[in-house]
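See structure below.
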Protein chains: 6
Amino acid sequence: MEISVSRKSHFNAAHRLHVANWTDERNKQVFGTCNNPNYHGHNYDLIVTVTGQLDEETGYLIDTKILRDIIKEEVEDRFDHKNLNLDTEEFKSVNPTAENIAVVIWRLIHKRLNKNVTLTVKLYETERNFVEYSGR
Amino acid sequence: MEISVSRKSHFNAAHRLHVANWTDERNKQVFGTCNNPNYHGHNYDLIVTVTGQLDEETGYLIDTKILRDIIKEEVEDRFDHKNLNLDTEEFKSVNPTAENIAVVIWRLIHKRLNKNVTLTVKLYETERNFVEYSGR
Amino acid sequence: MEISVSRKSHFNAAHRLHVANWTDERNKQVFGTCNNPNYHGHNYDLIVTVTGQLDEETGYLIDTKILRDIIKEEVEDRFDHKNLNLDTEEFKSVNPTAENIAVVIWRLIHKRLNKNVTLTVKLYETERNFVEYSGR
Amino acid sequence: MEISVSRKSHFNAAHRLHVANWTDERNKQVFGTCNNPNYHGHNYDLIVTVTGQLDEETGYLIDTKILRDIIKEEVEDRFDHKNLNLDTEEFKSVNPTAENIAVVIWRLIHKRLNKNVTLTVKLYETERNFVEYSGR
Amino acid sequence: MEISVSRKSHFNAAHRLHVANWTDERNKQVFGTCNNPNYHGHNYDLIVTVTGQLDEETGYLIDTKILRDIIKEEVEDRFDHKNLNLDTEEFKSVNPTAENIAVVIWRLIHKRLNKNVTLTVKLYETERNFVEYSGR
Amino acid sequence: MEISVSRKSHFNAAHRLHVANWTDERNKQVFGTCNNPNYHGHNYDLIVTVTGQLDEETGYLIDTKILRDIIKEEVEDRFDHKNLNLDTEEFKSVNPTAENIAVVIWRLIHKRLNKNVTLTVKLYETERNFVEYSGR
């Protein structure tokens, strides 16, 4: 049986939903107020979960201090207090929906982990809207 | 890999736990104070999760505004500020346990969704007691 | 300087808002869905706060176990899993708005406390609607 | 003795902290990452509290549906999914710190209420940073 | 399709992370401040989830009052207001990491349940660090 | 009118309630399981609130980054991952009840602030038990 270890963190960012090769009209119709040209913003809450085998000697799957540092370097330093559309490489041409942000974060953290664990990323855009992306 | 999108909502309702073809004595013994003849009530918190393939063009799995409207029409308009046992068709002959309410909500929302997604319904009767029902 | 000690608890109850000497029409107009004849319900969250002088010897203002027992006897045993309008003496002729419930709870707990403390009752009807009543 | 009634709501907005008649250098030094030229954003949680005399007949201080509508018209419709610095009149020349946003919201709601009540505005910029402004 | 029923509870305990057959130096290096010789402590939040077939007659998977009593007897009575390293049999020779505490709680509760259900134990050491262990 | 700015933080510590010049019997009778000789522990949540005049130029009452640093230096560095009774000067001879911890924290932070503000310390020992101490 495997065990999961989770770490919660957060970052604050501005964004707008916008597909570059659509007309302004279509963007407005599909994304509504989320397409506001001058951006709006969120406090994103992030839960990163690693699932794998327990190390019998330490009693750890992964030291949460290590997980905390990976999240800080890959997510907080990159996205906190930023405009996702303007200030980041990752969303220059990718629409920063909650789904896409979760996939991007999954890829950034996954490359830092051992490949024998499952990684799950849960991202709250608001308390009421959230997404989850998971894989090994 | 699939992705999940969740939407949280809530409704307030009265109910009592009661099996129609049991004696009052047996109902009282099995359900205790939850069997109170004059009903009691809850603020039900509901998390509806849809799991499936990301639309690469929009970056959406499902627009949460659409999910919000389905939940409003199928759940809130039907159950909010109601007595589940007396005011609803669904629980005229079905005992409104948290488990049964989750199954009923799953069926109501499932018929509104594309059939290539998994639907998960998580229902909090209180902060401490909650149930989850999931299927495709 | 005084100090405050708070204890959080909760109870689940059914109620309807209804003024006995009004017409059904006026009740419906003023209270809307909260006037539903068959009742609806809530998980009421309750925070009881006592403010007064610290006992230098024990380092306590009031033992929270004592406060917990007073709340259990005066509030939970009386209102939990009840229909406030039908099953309780207190709301036979008093409209069970959040405001009135807070005032009733204040009076029930106040008579159990030393008279040299301030008592504050904060009652959450939902996470979004709550009231507070305070006095010595 | 007076009673308080509170209503919680929220809005999502982009902003940057910036004093117009300061140099860029001084803005950056005082406000740090909050001065990011391309903005960042928050999910602002707002608790509006009205304190005054209970109406003995209805058992209401103020109908929370009325309070909800005032908050929607004065705050949500004005600030939700907006860039506070660019899209609003209120913060064209006022630095949108949490303190200033709370004062602006207080003035907007205060002019809609009877003058014999106290109005308190509590604004959460994040779960960890919040402000409160109160007066009659 | 199966359904899940969850019950949340909590206990407060002191602990230190320490592997008995390591040097003090290595313990300090691996576990940092969590290795503090005089212990530190946590409010552990625990969510116990049972997954299985719904009983069509009662509308229950498992009565949450039964689940509550099992948790009280196996977890709260054993660990609440205790020093896990000094006061319990379970952690005399097992390092009380969140992972190991979850596995121990899983075993204690699992032996009290019918063997045709899946048991999941989710343990929050803090709001930001939590683990999950699941199996049939 | 004055404004308040609050900052939330937390620390994890072990403690036991014990009055040095009482018999073991009396300590056990008054403090119950909180008197456990081998200690138990808590995740203490702390909300520090400063109330005073807004600086019209910056739009700040106090920069929350400054407040965060004061809390880190005076509270977190001193008490986090410690045994309050054994590892700290402050509780060598003071019983670490929630009330006394709040008063000690108030004094530590108060000496770091300008004297023209009111300081309020709210300390959660658990989600259900908390205290507040306030003064200028």
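The values are calculated or read from the model by the stated rules, or taken from the named source; none is laboratory data. Source: prediction; values computed, not measured. Every residue, glycine among them, receives a Cβ derived from its backbone with ideal geometry; neighbour counts consider all protein chains shown. Keep in mind that these areas ignore ligands, DNA and RNA; they rest on the heavy atoms of the full protein, side chains included. Shrake-Rupley method; radii C 1.70, N 1.55, O 1.52, S 1.80 Å.
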Per residue of E:71-81, count partner chain C-beta atoms within 10 Å of its C-beta, then hand back the mean as an integer. 1
Keeping every protein chain in place, order D:Thr97, D:Thr33 by accessible area at 1.4 Å, biggest value first, i.e. largest first. D:Thr33, D:Thr97
The long-range amide H neighbours of E:Asn43, using H built 1.01 Å from N in the peptide plane and a cut-off of under 5 Å, are F:Asn43
Student exercise: in the range F:2-133, how many lysine pairs 8 or more apart or on different chains have Cα atoms under 16 Å apart? 7
Run the 1.4 Å probe and let me know the accessible area of E:Met1, rounded to the nearest 10 Å². 110
With every protein chain left in place, what is the accessible area of D:Ser93 in Å² (1.4 Å probe, nearest 10)? 110
Using each residue's phi in the range E:70-77, evaluate 6.51 cos²θ - 1.76 cosθ + 1.60 at θ = phi - 60° and report the 3J(HN,Hα) Karplus result to the nearest Hz, with x for Gly and Pro. 4, 4, 4, 6, 8, 10, 5, 4
Dividing the convex hull volume of the Cα atoms of the range C:25-136 by its residue count, what figure in Å³ per residue is obtained? 117
Scalar couplings 3J(HN,Hα) for the range F:101-116 by Karplus 6.51 cos²θ - 1.76 cosθ + 1.60 (θ = phi - 60°), nearest whole Hz, x for Gly and Pro, are 5, 5, 5, 4, 5, 4, 5, 5, 7, 4, 5, 9, 9, 4, 7, 9
Using the Karplus curve 6.51 cos²θ - 1.76 cosθ + 1.60 with θ = phi - 60°, work out ³J(HN,Hα) for each residue of the range D:29-40 in order, rounded to whole Hz, and write x for Gly and Pro. 5, 7, 9, x, 5, 5, 9, 2, x, 8, 6, 9
Considering only protein heavy atoms, what per residue accessible area in square angstrom results for the protein assembly as shown with a 1.4 angstrom probe? 42
Carbon and sulfur atoms account, in whole percent of the 1.4 Å probe accessible area of the protein assembly as shown, for 45
Expressed as a rounded percentage, what relative contact order does chain A have, with Cα pairs under 8 Å and six or more residues apart? 30
Kindly provide log₁₀ I(q)/I(0) values, in the same order as q = 0.05, 0.07 Å⁻¹, from the Debye equation applied to equal alpha-carbon scatterers of the protein assembly as shown. -0.27, -0.55
Per-residue average of other protein chain Cβ atoms inside 10 Å, peptide A:4-10 -> 6
Using the crude model of +1 on Lys and Arg Cβ and -1 on Asp and Glu Cβ, and no other charge, please compute the dipole size for the range F:2-133 relative to its Cα centre, in debye to 20. 340
Size of the A/D contact, given as accessible area buried on both chains, probe 1.4 Å, in Å²: 1600
What dipole magnitude, in Debye to the nearest 20, does the range B:84-133 give about its Cα centre under +1 on Lys/Arg Cβ and -1 on Asp/Glu Cβ? 320
Counting DSSP beta bridges with both partners in chain B, what percentage is antiparallel, nearest 5? 95
Identify, among A:Thr23, A:Met1, A:Leu113, the residue whose Cα sits farthest towards the positive end of the charge dipole of chain A, taking +1 on the Cβ of Lys and Arg and -1 on the Cβ of Asp and Glu, with the dipole about the Cα centre. A:Thr23
Distances in nm from C:Met1 to the matching label points in the other copies, shortest first (labels 7 Å along Cα to Cβ): 2.6, 2.6, 5.0, 5.1, 5.7
What does the accessible area of C:Tyr39 come to, in Å² to the nearest 10, when a probe of 1.4 Å is used? 30
When each copy gets a label point 7 Å from Cα toward the beta-carbon at C:Leu86, what are the spacings between them in nm, shortest first? 0.5, 5.5, 5.8, 5.8, 6.1
Please compute, for peptide C:125-135, the average count of beta-carbon atoms on other protein chains lying within 10 Å of each residue's beta-carbon. 6
